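Q: The following block contains the structure, expressed as structure tokens.
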Amino acid sequence: MFMQNKKGSPRATAINKKLVRNRAQDESQLDLLSYISNQNIAVSRPSNITCISSAKRPKAITRNRKFSLPINVDRNKVFKNFICGESNSRAYKVMESTLNSKNIDYQIIYICSLSGLGKSHLLYATANALFEKTAKKICYFHGKEFIYNFDAQVENLDSIAAVFVDDLDEITYDIDLQDRFSRNFDLLKRSGVQIFLAGSILPKHMKMANAKYANRVGGALVEKINKIDRDLASKILDNLSTIHNYQLSPDVSDLLVDCFHYHVYGLESALLKLKSYSETFSSNVDIKIALKELKILGPVLDKNINSKKIICRVCEFYKVDVEDLFSKNRKKEVSFARHVCMYILKDRNGLSLSRIARLFNRDHTSVLYGVNKVMAEIQNNKKFRKDIHELV
């Protein structure tokens, strides 16, 4: 209900009259604007003003490609920043040669190494380089992705330049997937697609896989990346120090190289741990601090003696691979070297049986058996006693 004013008319009527007057003024203004827009009015402008429509627009630098590089390829991993040494130079040269050859000399290449030795870096580097060289499709898979995300019967194989399958061990240990792998593998091979594989198991050791799968992987050009030596570990550590902008003292640097030379990830983890300590406490890291801080990374360092250094020395002395020492390998020479390590770590390093058991992934009774066996051999064999002295 409207309220009445003094003259008896609703208050809304006065408001409406005001709106009508404003509308009349707006329409007169619109008529004036319509008149101006219909007239040709000459407007002068300075000659130094450039018309927007005639200005040159910057051309976007793009590549007209049908296929893009897979998102799971690390763009930062290239051949230029791969650090070569005696252990990985052959694998590096083989992968790089695939880019320089006009013909496919080796259609199937398998890079074999343990984790952290650079096999994935080489695959990423090759994928990045091939992407720059060819307009065809680059496919990159990790393990079971090759089974679940790729079907060679559906794909247009003529448009594919290369297929990369990293972490092949996922398929090697899953026998149910190996027939599907072999089917995709055969179709790719018949179509002339280059195949790059990477895993940690040599084909001759793939006894857990079916024969069809093992034969196909074994037919590749196999290049093994061996464990990193001390010189290469020193180069890698210098490069990591530059990347992370943190320089170590010479003695701490030597400590890290001796402890973690078998594993790039271990080197980087140790470096970042010490950098974090230095920035947190605004203090330089000396050898005592390094020994204390790096214990958190695992049973690698002891108070006075580097346990990992002793293990590597024993392996070198008895010509046994470090990875075999920590595996379930029960060969006589491997078991003997393992027992020697257990004895030295218990008797000379003072590590507990439980700690040694965790280190070698065994129970404490197995450790006790190995220690007692070595002690008995020391008492009965003078030459062996000298060998232990030299190792320690």
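The values are calculated or read from the model by the stated rules, or taken from the named source; none is laboratory data. Since the model is a prediction, treat every value here as computed from it, not as a measurement. Glycine also receives a Cβ, built like all others from the backbone with ideal geometry; neighbour counts cover every protein chain displayed.
Q: Sort out for me the helices (runs of 4 or more DSSP H) sitting completely within segment 116-204 that have 1 or more residues that are touching an Asp or Glu at 6+ places or on another chain (Cβ under 6 Å) and modelled with pLDDT of 95 or more.
A: In segment 116-204, 119-133 are the helices (runs of 4 or more DSSP H) which contain 1 or more residues that are touching an Asp or Glu at 6+ places or on another chain (Cβ under 6 Å) and modelled with pLDDT of 95 or more.
Q: Mind checking which residues of segment 234-265 are part of a helix (DSSP H, G or I) and under 11 Å from Leu117 (Cβ atoms)?
A: Ile236, Val264, Tyr265, listed by residue number.
Q: Before we move on, is Lys373 assigned by TED's automatic domain parsing to the domain that holds Phe317, surrounded by fewer than 17 Cβ atoms within 10 Å (Cβ to Cβ) and out of contact with any helix residue (DSSP H, G or I) (no Cβ under 7 Å at 6 or more places or on another chain)?
A: It is false that Lys373 is assigned by TED's automatic domain parsing to the domain that holds Phe317, surrounded by fewer than 17 Cβ atoms within 10 Å (Cβ to Cβ) and out of contact with any helix residue (DSSP H, G or I) (no Cβ under 7 Å at 6 or more places or on another chain).
Q: While we're on this one: Looking at His263, His244, which is the one that is assigned by TED's automatic domain parsing to the domain that holds Ala290, within 25 Å of the chain's Cα centre (by Cα), within 24 Å of His121 (Cα to Cα) and without any contact (Cβ under 8 Å) to a residue 40 or more places away in the chain?
A: His244
Q: Shifting gears a bit: Could you check Gln247 against (1) surrounded by 16 or more Cβ atoms within 10 Å (Cβ to Cβ); (2) within 21 Å of Leu291 (Cα to Cα); (3) touching a Ser or Thr at 6+ places or on another chain (Cβ under 7 Å); (4) not β-branched (Val, Ile, Thr) and say which number it fails?
A: Failing condition for Gln247: (1).
Q: Going through segment 67-97 one residue at a time, which ones are in a loop (DSSP other than H, G, I, E, B), over 19 Å from Ala233 (Cβ atoms) and of a type in the set (S, T, N, Q)?
A: Within segment 67-97, Ser68, Asn72, Asn76 qualify.
Q: Continuing with this model, one more query. When you scan segment 208-244, how many residues do you find that are surrounded by fewer than 17 Cβ atoms within 10 Å (Cβ to Cβ) and among the hydrophobic types (A, V, I, L, M, F, W, C)?
A: Residues in segment 208-244 being surrounded by fewer than 17 Cβ atoms within 10 Å (Cβ to Cβ) and among the hydrophobic types (A, V, I, L, M, F, W, C): 4 in total.
Q: Being assigned to a loop (DSSP other than H, G, I, E, B), modelled with pLDDT of 80 or more and under 26 Å from Arg385 (Cα atoms) is the filter here, so list the residues in segment 272-325 that pass it.
A: Matches in segment 272-325: Lys319, Val320, Asp321.
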